[in-house]
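Here the structure comes first, spelled out in C-alpha cells, and everything after it is commentary.
The values are calculated or read from the model by the stated rules, or taken from the named source; none is laboratory data. Predicted model only: the values in this text are computed from it and were never measured. Cβ placement follows ideal geometry from the backbone for every residue including glycine, while neighbour counts extend to all protein chains displayed.
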Amino acid sequence: MHSIALIAALPSELKPLVRGWERRGNIFHGRIGSTEAVAACAGMGPAAATRACEGVLAYGRANHPITAFVSIGYAGSLSCGLQTGSAYAVREVIDAASGERFLTDALPSPDQPKGQRLITLDSVAGPDAKRQLALQYQAVMVDMEAAAVARFARSRNLGFYCCKAITDGPSDKLPDFNRFTGADGQLRLPALVAWAAVHPGAWRALRQLARNSNLAAQQLAFFVPRCLADWQ
C-alpha cells in the first residue's frame with residue numbers, strides 16, 4: 001500500500017487535519033478518506049521543509065512507500081482577491097532564489113483562477129516585498145516551503161501537489177518574524193513575546209494573525225480531503 005506525504009512548517013497547520021492520527025515524533029500517520037497519509041513539520045523555510053521530506057520518505061520506506069508529496073500550510077496573500085482564512089489549490093510554484101518553476105500535478109481549477117501561482121521566499125515577506133513579488137511574478141501567494149517540497153519530490157520522480165490557506169493580506173503590517181526565527185526554522189516564541197511586551201502596538205496584529213491562522217488551519221482540514229478526491 002502506498003501513501004501521500006503532507007509537508008507543513010508548523011504543528012498548528014496540521015493539527016485539525018491529523019487529529020486522531022498515530023504520532024511518532026514529528027511524523028503523523030493516518031488516513032484521509034481511503035488514502036494512506038503521512039504528515040510532518042520541521043519548521044519554517046526550505047531547509048526545514050527538506051528535512052521534513054527526508055523524514056517522511058524514510059518513514060515510508062519502512063511502512064508505506066510515498067508516491068506523492070503535498071506542500072500544505074499557511075501563505076500570505078499578494079492579491080486582494082484572496083480572502084484570509086480561505087484555502088486554495090496551487091497550480092505553479094516559483095522559487096524566488098533560483099527562478100525555478102514547478103507545476104503541480106493538479107489540473108487547473110476553473111473555479112479558483114486566482115489561486116494558481118505561488119512564490120517561495122527564504123524569509124517572511126512584508127507589504128513592500130509582497131507588492132514587488134506580485135508585479136514581478138504575477139503570483140497571488142507567498143510562502144517559505146513549497147518550492148523545497150516541489151524540488152524534493154521532482155528529484156525523486158514523485159508526484160507534487162500544493163494547498164495553501166491565507167493568513168495575512170497584501171497590506172497587513174506584521175512584526176518582522178525573520179528576527180525571531182532560528183537557523184533551524186523554529187519560531188523563537190519567548191523572544192517574540194519579549195519584543196511584543198515593549199511594542200504593545202504589535203499585539204493587535206498578532207491577535208488577528210492568530211485568529212486568521214486558526215481559521216486557515218480549519219479550512220485546510222476541510223479542503224485537503226476534497227483536493228485529494230479530485231487528484232486521484
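Quick rundown of the values:
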| read-out | value |
| --- | --- |
| Odd one out for Val18, checked against (1) assigned to a loop (DSSP other than H, G, I, E, B); (2) farther than 15 Å from Thr120 by Cβ; (3) in contact (Cβ under 8 Å) with a residue 40 or more places away in the chain | (3) |
| Helices (runs of 4 or more DSSP H) enclosed by region 113-232 - at least 2 residues per element that are modelled with pLDDT under 80 | 189-197, 202-231 |
| Whichever residue in region 194-210 is touching a helix residue (DSSP H, G or I) at 6+ places or on another chain (Cβ under 9 Å) and of a type outside the set (Gly, Ala, Ser) and, among such residues, is nearest to Leu121 (Cα to Cα) | Leu206 |
| Region 82-93, subset surrounded by fewer than 24 Cβ atoms within 10 Å (Cβ to Cβ) and closer than 13 Å to Arg117 by Cα, residue farthest from the chain's Cα centre (by Cα) | Leu82 |
| Tally of residues being more than 13 Å from the chain's Cα centre (by Cα) and surrounded by fewer than 16 Cβ atoms within 10 Å (Cβ to Cβ) across region 1-15 | 2 |
| Qualifying residue in region 166-176 (condition: crowded, with 20+ Cβ neighbours inside 10 Å and closer than 24 Å to Ser3 by Cβ) | no |
| Meets criteria (more than 20 Å from Asn214 (Cα to Cα), surrounded by 15 or more Cβ atoms within 10 Å (Cβ to Cβ), out of contact with any Leu (no Cβ under 9 Å at 6 or more places or on another chain) and among the small types (Gly, Ala, Ser)) for Ala148 | yes |
